[in-house]
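Below you'll find the structure, written out as structure tokens, and then a few comments.
The values are calculated or read from the model by the stated rules, or taken from the named source; none is laboratory data. This structure is a prediction, so every number in the text was calculated from the model and none was measured. With ideal geometry, Cβ positions are generated from the backbone for all residues, glycine too; neighbour counts draw on all protein chains shown. Side chains are part of the model used for accessible areas, which takes the heavy atoms of the whole protein and leaves out ligands, DNA and RNA. Shrake-Rupley method; radii C 1.70, N 1.55, O 1.52, S 1.80 Å.
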Amino acid sequence: MNPLTLAFAGAGLTGFALGAFFTATGKGEMGVILMGMGLVFQVISLVRLKRAKNQGKL
């Protein structure tokens, strides 16, 4: 698997977790932004995985 895909997945999980933490501690706007960015990174990593699977590289 491509290391960049793993980096996107890790960034997505970390961003979402930090967003949930900030939302729970009262910084709602920052939390929502981080959660959204985390979801974007997760979508990017899933698209990269799907392309790799379709090309037979996975």
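What range in the chain is the longest one free of trypsin sites (Lys or Arg not before Pro) that are in a loop by DSSP and have at most 15 other Cβ atoms within 10 angstrom? My reading of the result: 28-56 is the longest stretch. Over the chain, DSSP H runs of length four or greater, each weighted -39,500 (n - 2.57), average out per residue to a 222 nm ellipticity of -30000 deg cm²/dmol.
The modelled label-to-label distance between K50 and I33, using points 7 Å beyond Cα along the C-beta direction, is 2.9 nm. Averaged over its residues, the chain has an accessible area of 73 Å² per residue, based on protein heavy atoms and a 1.4 Å probe. Computed extension length for V43-K57: 3.1 nm, one decimal, from 0.36 nm per residue of separation with the Cα-Cα distance subtracted.
If you sort the three axes of the alpha carbon gyration tensor as a ≥ b ≥ c, you get a/c of 1.5 or more for the chain and a/b above b/c, which makes it prolate. For the chain, the fraction of 1.4 Å probe accessible surface lying on carbon and sulfur atoms is 72 percent.
A simple rule links phi to the HN-Hα coupling: the Karplus curve 6.51 cos²θ - 1.76 cosθ + 1.60 with θ = phi - 60°, which for segment 11-21 gives 5, x, 5, 5, x, 5, 5, 5, x, 5, 5 Hz, with x for Gly and Pro.
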